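This report refers to the structure that appears directly beneath it.
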């Protein structure tokens with residue numbers, strides 16, 4: 001079982017205002033430890049993604065937080081992101097690695113599949129992401145992952161596991177206990193009733209409680 | 001299909017807003033589109049307003065109510081009113097809410113009360129149109 005504390009992997013809101021979001025992100029990152037930020041904009045143009053990456057890159061780098069581009073190795077390389085996260089329908093691992101280089105971070109979505117996880121790890125992924133663990137109240141997730149995949153992974157594998165999908169401060173304890181190295185969170189931070197900064201703080205309080 | 005007078009939908013992107021409006025228009029139902037909780041902090045009133053305007057277009061035949069969630073920041077609520085948003089949500093002490101409600105009324109806007117009523121959240125939906133169709137069809 002992993003003895004390192006779990007950490008927060010913060011994913012951007014699906015839509016945002018580039019003029020105001022950098023300050024909001026800065027406040028969130030100042031709320032507590034964040035291992036990485038993933039830029040994931042739904043339906044944004046390439047220019048919109050570029051502009052946002054350029055706007056938030058200094059916020060992340062000033063705090064020593066890696067910025068990971070979702071889905072797009074080409075834009076990750078172009079905008080100088082620290083890494084790229086790819087899904088099973090996106091670019092190949094080889095393309096992603098080529099784009100960000102050996103020192104870059106490449107993460108791979110593996111849904112609920114042990115097989116996909118092993119495959120990604122063998123290829124050289126820096127982390128694998130399992131989920132979704134918690135569908136929202138009114139939505140069925142694309143895949144439904146069981147917590148035991150995290151236990152199985154953390155006992156057998158060295159490559160870190162990211163848990164994703166509907167994670168909040170209210171429901172994350174089983175994932176921490178099961179050995180998730182990182183919790184990838186979107187609305188659990190941005191939509192938190194106390195605001196993003198306090199959400200980050202609260203996640204870190206839970207991480208500090210241990211597994 | 002039964003009419004759904006109050007089946008709010010949380011949208012996070014233009015595509016989700018378009019999907020919701022398209023389905024509601026096909027069903028001939030009014031629709032309430034709500035931003036994510038506290039979205040005023042990172043989305044911005046102008047972006048939300050433009051998103052709704054583009055989703056509805058000039059020829060929209062149904063009533064679309066757009067609700068902008070300002071979290072607990074009265075400043076964001078006032079900013080949203082300045083940007084012409086007509087329905088906002090704000091979590092604040094009663095006295096503050098009364099003041100903002102008064103300002104809102106002067107601009108033809110209103111505050112939406114916080115309720116525990118169910119809401120459809122389209123975050124990361126694979127098929128928002130299908131979800132909206134089911135959601136609106138469940139109205140009483």
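The values are calculated or read from the model by the stated rules, or taken from the named source; none is laboratory data. What you see is a predicted model; the values in this text were computed from it and never measured. Glycine also receives a Cβ, built like all others from the backbone with ideal geometry; neighbour counts cover every protein chain displayed.
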- line: With criteria (1) touching a residue at least 60 places away in the same chain (Cβ under 8 Å); (2) more than 25 Å from residue A:206 (Cβ to Cβ), residue A:44 comes up short on (1)
- line: Being closer than 21 Å to residue A:16 by Cα, within 12 Å of chain A (Cβ to nearest Cβ), touching a residue at least 12 places away in the same chain (Cβ under 8 Å) and in contact with a helix residue (DSSP H, G or I) (Cβ under 9 Å, 6 or more places away or on another chain) narrows B:78, B:120 down to just B:120
query: Mind checking which residues of segment B:21-58 are within 14 Å of chain A (Cβ to nearest Cβ), in contact with a strand residue (DSSP E or B) (Cβ under 8 Å, 6 or more places away or on another chain) and more than 22 Å from residue A:190 (Cα to Cα)?
result: B:55
- request: Please report, ordered by residue number, the helices (runs of 4 or more DSSP H) entirely within segment B:1-109 with at least 2 residues that are closer than 30 Å to residue B:138 by Cβ.
  value: B:14-27, B:45-56
Leading residue by the ranking (nearest to residue A:163 (Cα to Cα)) among those in segment A:196-211 that are assigned to a loop (DSSP other than H, G, I, E, B) and touching a residue at least 40 places away in the same chain (Cβ under 8 Å): A:211
query: Looking at residue B:86, is it more than 14 Å from every other protein chain (Cβ to nearest Cβ) and at pLDDT below 95?
result: no
- request: Would you please name the residue that is farthest from residue A:207 (Cα to Cα), looking only at residues in segment A:8-30 that are surrounded by fewer than 20 Cβ atoms within 10 Å (Cβ to Cβ) and more than 10 Å from chain B (Cβ to nearest Cβ)?
  value: A:26
